[in-house]
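This report refers to the structure that appears directly beneath it.
Just so it is clear, none of the values below were taken in a lab; they were calculated from the coordinates. Note that the coordinates shown come from a computational prediction; the quantities given were computed from them, not determined experimentally. Every residue, glycine as well, gets a Cβ built from its backbone with ideal geometry; the counts of neighbours run over all protein chains shown.
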Number of protein chains: 2
Amino acid sequence: MTTLVFGHKAPDTDSTGSPLIWAWYMSHTGTPAEARLLGTPNTEALFVAERWGFDLPAVISDVEDGQDCVIVDTNNPAELPANINGANVTAIIDHHKLVGGLETKGPIDITIRPLACTATIMHDLMGDDLAKAPEGIRGLMLSCILSDTLEFRSPTTTDHDRAVAEALAADLGVSIADYSAEMFAAKSDVSSFSEAELIRMDSKEFTVDGTGLRVSVLETTSPAAVLSRKDALMAAMPGVAKEDGADEVMLFVVDILNEEATLLVPNDRVKAIAEASFDCTVSGDTVVLPGIMSRKKQIIPNLKA
Amino acid sequence: MTTLVFGHKAPDTDSTGSPLIWAWYMSHTGTPAEARLLGTPNTEALFVAERWGFDLPAVISDVEDGQDCVIVDTNNPAELPANINGANVTAIIDHHKLVGGLETKGPIDITIRPLACTATIMHDLMGDDLAKAPEGIRGLMLSCILSDTLEFRSPTTTDHDRAVAEALAADLGVSIADYSAEMFAAKSDVSSFSEAELIRMDSKEFTVDGTGLRVSVLETTSPAAVLSRKDALMAAMPGVAKEDGADEVMLFVVDILNEEATLLVPNDRVKAIAEASFDCTVSGDTVVLPGIMSRKKQIIPNLKA
């Protein structure tokens, strides 16, 4: 049976590139494997796949009972196929907190590390085999790290992520500054998406003090382009929240180059959450949060509802 | 803050030795750490600690909010302190299936491998630092592997566990056959324990088809000594089951040398479970199951209630 390797729903660059990397490595080391996607990747991931010569993996909506699977870049059942606990998960490689809920049928390989990027962990697990990887695999690895670290600006970045990316870039003859700019330009081109699609593009659900929050992030080098659609985005929030069973949507527009986030404040409840969580005063329907780049490190740990 | 390293409740050799090994390694690499126990170790673990010159770690009944902890040899909240999700778990090293229920506050180091023994995983994680470990640490590592593999007889044994143990034994100048015999003799000396203590000594709870089973194993080179107490053990089962909220106790007396298990059959429900699970016919109050050595590999996956 071919093992299917996939990341989380609403795939970003790491959840698109890491399955391709690991499927290559498994196949190279004797276990036939193929990457899959759990949704349409974002525009940065599309750019990265094309840049390094990969066809996009097929999108799957669920997994069959007993299907051999490797899960990467998440351990959260809410971000995985509905039948994931019916599948035969053979490995998990991730860099998020353990949320519970995922069960395996027997002891398997699980590697979770507090690094910025799944691909960095794969780099370490592959060891000397990385030298045998085609250029495209190493290019994906570099792309995943630059994406997840926002070119080393995110506070999730570790010295190790940076060292691995710099070594890969040198080896590939790629300028990190130029290539990151190309990636971020691709990510910032969101003109073709509806407001609801933008809200759900990079979004995770959390329950904070009993309130269900859909915490959405849009990382961009062109915040003005997103913020020009502010009114339409706020108008779309109640519908998205209702459809997804959340109480509120919190949309953070992360300005990659200026290293700050603008939070949209559609109502008094979000205003109260913002003021309780981020030591700020909100006057109007947006608030700028200097230095805020990372949902994992800076937004989620501070949220108070 | 000193990090506390502990394994599961009802500690066996791996859950006693692995915390000592990892606390040494953490301290050696700059993070002060101490081993703890979640109960009195079995007689084999007591023998092993004394043989390699270790004082027994202190027994703790719970952990405080925010206490830095490393969990080894389990990922099951039922086998851990009640407040484990209130503590600050910084790493998990384990070789059991993921059961869900454990949550961490952020991304941490989690290494789970389908190997026979936690200490084998630690061997791999320590790399070249192992050469700097005192003899006692390497002795514990060898002991954990021989214990968990029943001297390579258990079907959980991998080639890698075996190779690591053989290299350690050669390095330490220890005869695997002689030392294993000493360990198993220590484990088999259960004369000082009550029937209820024997039932709970190496025991895990599982829900199978809606029936709550306390699945207990006694690994011994002297099965006759345990089976001579068969009537008293069966008489103690209803009380243990009731106290622990289980429907039935299933006690497997594993004959290490003859590589078979004798299951005690106190009533018709256990008889029905035994016949449905192990392709056997029960006539009387025990049944011998040839080749059955491992709860994880051979008992749990086959149980049908």
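Tabulated data
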quantity: Residue match in segment B:13-28 (condition: acidic (D, E), free of Cβ contacts under 8 Å to residues at least 60 places away in the same chain and over 20 Å from A:P114 (Cα atoms)); calculated: no
quantity: Where A:T90 falls short, out of the listed (1) within 11 Å of another protein chain (Cβ to nearest Cβ); (2) of a type in the set (S, T, Y); (3) surrounded by fewer than 20 Cβ atoms within 10 Å (Cβ to Cβ); calculated: (3)
quantity: In segment A:280-305, the residues that are within 24 Å of A:S154 (Cα to Cα), within 26 Å of the chain's Cα centre (by Cα) and away from every other protein chain (no Cβ under 14 Å); calculated: A:T286, A:V287, A:V288, A:L289, A:P290, A:G291, A:I292, A:M293, A:K304
quantity: The one condition in (1) touching a strand residue (DSSP E or B) at 6+ places or on another chain (Cβ under 9 Å); (2) closer than 18 Å to A:P11 by Cα that A:S192 fails to fulfil; calculated: (1)
quantity: Residues that are acidic (D, E) and assigned to a loop (DSSP other than H, G, I, E, B), drawn from segment B:26-82; calculated: B:D55, B:D62, B:E64, B:D65, B:D73
quantity: Subset of segment B:255-284 [out of contact with any helix residue (DSSP H, G or I) (no Cβ under 7 Å at 6 or more places or on another chain) and of a type in the set (D, E, K, R)]; calculated: B:E259, B:E260, B:D268, B:R269, B:K271, B:E275, B:D279
quantity: Residue match in segment B:279-290 (condition: surrounded by fewer than 19 Cβ atoms within 10 Å (Cβ to Cβ) and within 27 Å of B:C117 (Cα to Cα)); calculated: yes
quantity: Among the candidates A:A169, A:A177, A:A181, residue that is aliphatic (A, V, I, L, M) and within 25 Å of A:V288 (Cβ to Cβ); calculated: A:A181
quantity: Tally of residues being touching a helix residue (DSSP H, G or I) at 6+ places or on another chain (Cβ under 9 Å), facing another protein chain (nearest Cβ under 8 Å), among the aliphatic types (A, V, I, L, M) and surrounded by 24 or more Cβ atoms within 10 Å (Cβ to Cβ) across segment B:93-114; calculated: 1
quantity: Evaluation of B:R153 against (1) within 14 Å of another protein chain (Cβ to nearest Cβ); (2) more than 15 Å from the chain's Cα centre (by Cα); (3) among the basic types (K, R) (one fails), failing number; calculated: (1)
quantity: Selection from segment B:140-157 of residues that are of a type in the set (G, A, S) and buried (at least 24 other Cβ atoms within 10 Å of the Cβ); calculated: B:S143, B:S147
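Residues checked against (1) crowded, with 16+ Cβ neighbours inside 10 Å; (2) closer than 18 Å to B:D255 by Cα:
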{"site": "B:A169", "(1), (2)": "yes, no"}
{"site": "B:M183", "(1), (2)": "yes, yes"}
{"site": "B:S192", "(1), (2)": "no, no"}
{"site": "B:M201", "(1), (2)": "yes, yes"}
{"site": "B:D209", "(1), (2)": "no, no"}
